[in-house]
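Here's the structure we're looking at; comments come further down.
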Amino acid sequence: MCGIVGYIGKRNAVPFLLQGLEKLEYRGYDSSGIAINSSKGIEVIKKQGRLGVVKNIVESKPDFCSSLGIGHTRWATHGSPSDLNSHPHVSSCGKIALVHNGIIENYIEIKKNLIEKGFDFKSDTDSEVIVQLISSLYKNDIFSAVKKAVKILEGSFALGIICKDNPNVLIAVNKDSPVIIGAGTNENFIASDIPALLSETRIICRLPEKQIALIKATDFELYDFDGRMTQKNFTTVNWEVNAAEKNGYDHFMLKEIMEQPEVIKATLSPRISGPNLKLDNAVFSKEYLKNLNKICIVACGSAYHVGCVAKYFMEKLLRKTVEVDLASEFRYRCPIIDKNTLVIVISQSGETADSIAALREAKLKGARILSIVNVIGSTIASESDDVLYTHAGPEIAVATTKAYSAQLIVIYILGLYLAKSTQKINDENLSLLVKKLQNLPYQIENTLKYKEEVFKLAKKYYKYEKVFFIGRNLDYAVCMEGSLKLKEISYVHSEAYAAGELKHGTISLVDENTLIIAIATQPELVDKMISNIRTVRARGAKILVITSSLYIDKFNQVSDDVISVPEVSPELSASLAIIPLQLISYQIAKLRGCDIDKPRNLAKSVTVE
Ligand code: F6R
């Protein structure tokens, strides 16, 4: 939930630390700080608030420089946002500084023991306990103290550590929380995510699970928690530097919305070859498919909404049971799964704690795990039997847009692939749908061309405080995502409702102060949607309809405004209907003066359960 960075080399570490933290602010931004190992020993600047606060202090101190340092941007879990709770934390002896991402589950017990030994704590955090524990084990060898400490700690921890007595060493640790090492020439970097490193290096090494990196300026070594040296695996990242920048847009969210045609092409093209579909390295044998009893999808937030689309899409196509669960609920319903169940985990970050827990639960029960993930080598990807990567590139805005769209594409491909493998679709229909899939990026491009028209409607409706998104079937699944987008970035209370369900109670909330956003793209449900719309209109609600170009006239008669999206097979309509919803949420949030890329109380990667 926090971002960590570190530098060791010949240059002044501070500019990289500040710039790296800026790139990681999406992971948390209630406080930030930097620690360096200078000629004066460990020096720390840390403050509650956005990174700018720390940056201003640093810039007013020209002698705050060193070639070894660590930095942190925080999203509070233990202890409120405050200067004292900010990272880096420094041991009582003043020699060791540490940044932490994750949660230490046994910190109370460790803290009690350390207090009995005379250690003094300044913060309410679990993280300070780690640095004090390391300090209690320190006998002039920081690496050996860290090795002992990680054996005592329970929970998840990505760590960056520096020590006054070891000015040539930067230490990083990964347990259930990512750390990436960026390799430079006579300098090395660490960060919790790739965008922080892109301006410095393309050569990265993901610190594997339960490993410690001993990093020097010229090289680094990896060790497991038992102290055995392990192998380093490097990858070259081919993301453009400006892929992690705003590219001239006011916000990352708008930039990412506009990138969707490209992202969808990138996700589709390696998987389509003529009329055939390819599933990367995943192989489903005839035997496996014959015994497959059901598909279970687990995910959180927007990824869960992709799962809801997937249920409608796959169940109809495959005539196989498809269940979809919120990952945080999955374990507690004692799901009935076994080796003949395919569990699909959907996650942009690949690090969402609830999704990881659901994945592990399903694995224990013997299910085959296929994940749909955006971040290469992330925890979910590495613990799955098969991975289908979305090629959305880094997503910086907290509210997902392009990753959601890329996940939908992978779901379509997977569904069609399984349908073909189980003879549930004939070649003619398959090639028709594949062609429509290939056309989606262009249709999205066309939909995005109407951005200014959608923004005008946002101006008309941005003051509404009560919004319902209504739809049926696949459109209902899209409503869930539309409603989440609106509430998370504009703080307008909205709900997604199955259009036919409104009359069973909730309609009592509908009055002239209500905005209804109705999604109606499913041909056989158009007339039913018209009746539902008439009912809420009769209660004074304002109606905005999103429909396919085929039905504009019908909906014009019963609504205040209609946004049309290009005609597409009803099965694929979610990919188009979501576009105006993303745009209108963005513009409403902008008109309401909200912090669009970093909405309050939210973090991009939710690594706590
Ligand atoms: C909403 C949003 C979140 C994520 C959810 C899961 O815009 O981004 O709801 O979808 O936190 O995150 P991942 O996909 O990283 O597992």
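The values are calculated or read from the model by the stated rules, or taken from the named source; none is laboratory data. What you see is a predicted model; the values in this text were computed from it and never measured. Please note: Cβ atoms are built from the backbone with ideal geometry, for glycine as well, and neighbour counts cover all protein chains shown. Just so you know, the surface numbers come from the protein's heavy atoms only, side chains and all, with ligands and any DNA or RNA stripped out. Shrake-Rupley method; radii C 1.70, N 1.55, O 1.52, S 1.80 Å.
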> Yes or no: Leu388 touching a residue at least 60 places away in the same chain (Cβ under 8 Å) and open to solvent by less than 30 Å² (accessible area, probe 1.4 Å)?
Replying inline: yes
> Of the residues Ala397, Ala403, which single one is within 29 Å of Leu486 (Cβ to Cβ), in a loop (DSSP other than H, G, I, E, B) and either within 16 Å of the ligand (Cβ to nearest atom) or without any contact (Cβ under 8 Å) to a residue 24 or more places away in the chain (or both)?
Replying inline: Ala397
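If you take the residues in segment 406-431 that are part of a helix (DSSP H, G or I) and without any contact (Cβ under 8 Å) to a residue 24 or more places away in the chain, which one is farthest from Val568 (Cα to Cα)?
Once the filter is applied, the top-ranked residue is Glu428.
Out of all the residues in segment 454-470, is one or more acidic (Asp, Glu) and either part of a helix (DSSP H, G or I) or surrounded by 20 or more Cβ atoms within 10 Å (Cβ to Cβ) (or both)?
For segment 454-470, residues acidic (Asp, Glu) and either part of a helix (DSSP H, G or I) or surrounded by 20 or more Cβ atoms within 10 Å (Cβ to Cβ) (or both): absent.
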> Listed residues Asn276, Asn247; which is closer than 23 Å to Asp386 by Cβ and either among the polar types (S, T, N, Q) or at pLDDT below 85 (or both)?
Replying inline: Asn276
> All but one of (1) open to solvent by 40 Å² or more (accessible area, probe 1.4 Å); (2) within 16 Å of the ligand (Cβ to nearest atom) hold for Arg333; which doesn't?
Replying inline: (2)
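Results for (1) within 18 Å of Ser605 (Cβ to Cβ); (2) open to solvent by 40 Å² or more (accessible area, probe 1.4 Å); (3) touching a residue at least 12 places away in the same chain (Cβ under 8 Å); (4) among the small types (Gly, Ala, Ser), shown as yes or no for each residue.
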site	(1), (2), (3), (4)
Ile36	no, no, yes, no
Ser60	no, yes, no, yes
Val99	yes, no, yes, no
Gly118	no, yes, no, yes
>> Residues to consider are Ile152, Ile171, Ile180, Ile194; find the one that is in contact (Cβ under 8 Å) with a residue 60 or more places away in the chain and either over 16 Å from Val375 (Cα atoms) or in contact with a strand residue (DSSP E or B) (Cβ under 7 Å, 6 or more places away or on another chain) (or both).
In response: Ile194
>> Regarding segment 49-62, can at least one residue be identified that is assigned by TED's automatic domain parsing to the domain that holds Lys216, in contact with a strand residue (DSSP E or B) (Cβ under 9 Å, 6 or more places away or on another chain) and within 25 Å of Ile212 (Cα to Cα)?
In response: no
> Can you tell me which residues in segment 281-320 are of a type outside the set (A, V, I, L, M, F, W, C) and either loosely packed, with under 13 Cβ neighbours inside 10 Å or within 16 Å of the ligand (Cβ to nearest atom) (or both)?
Replying inline: Asn281, Ser285, Lys286, Glu287, Lys290, Asn291, Gly301, Ser302, Tyr304, His305, Gly307, Arg319
>> I need the full set of residues from segment 436-490 which are more than 18 Å from Ile519 (Cα to Cα) and within 16 Å of the ligand (Cβ to nearest atom), in order please.
In response: Glu488, Ile489, Ser490
>> Against the conditions (1) within 16 Å of the ligand (Cβ to nearest atom); (2) modelled with pLDDT of 95 or more; (3) of a type outside the set (Val, Ile, Thr), where does Asp338 fall short? Just the number, please.
In response: (1)
> Is it true that some residue in segment 512-524 is under 26 Å from Ala403 (Cβ atoms), open to solvent by 50 Å² or more (accessible area, probe 1.4 Å) and not assigned by TED's automatic domain parsing to the domain that holds Glu262?
Replying inline: no
> open to solvent by 10 Å² or more (accessible area, probe 1.4 Å), modelled with pLDDT under 95 and within 16 Å of the ligand (Cβ to nearest atom), is that true of Gly377?
Replying inline: yes
> For segment 86-102, does any single residue satisfy the condition of being modelled with pLDDT under 95 and touching an Asp or Glu at 6+ places or on another chain (Cβ under 9 Å)?
Replying inline: yes
> Looking at Pro570, Pro580, which is the one that is within 19 Å of Ser302 (Cα to Cα), touching a helix residue (DSSP H, G or I) at 6+ places or on another chain (Cβ under 8 Å) and touching a residue at least 40 places away in the same chain (Cβ under 8 Å)?
Replying inline: Pro580
> Are any residues in segment 341-370 near the ligand (Cβ under 10 Å from one of its atoms) and either open to solvent by less than 10 Å² (accessible area, probe 1.4 Å) or part of a helix (DSSP H, G or I) (or both), and if so, which ones?
Replying inline: Val345, Ile346, Ser347, Gly350, Ala353, Asp354, Ser355, Ile356
>> Looking only at segment 482-531, how many residues end up being on the phi < 0 side of the Ramachandran plot and in a loop (DSSP other than H, G, I, E, B)?
In response: 7
> Restricting attention to segment 552-586, which residues are open to solvent by 30 Å² or more (accessible area, probe 1.4 Å), in a helix (DSSP H, G or I) and polar (S, T, N, Q)?
Replying inline: Asn556
> Ala76 passes all but one of (1) closer than 25 Å to Asn166 by Cα; (2) open to solvent by 10 Å² or more (accessible area, probe 1.4 Å); (3) among the aliphatic types (A, V, I, L, M); which number fails?
Replying inline: (1)
>> Suppose the filter is aliphatic (A, V, I, L, M), part of a strand (DSSP E or B) and buried (at least 23 other Cβ atoms within 10 Å of the Cβ); does Ile70 pass it?
In response: yes
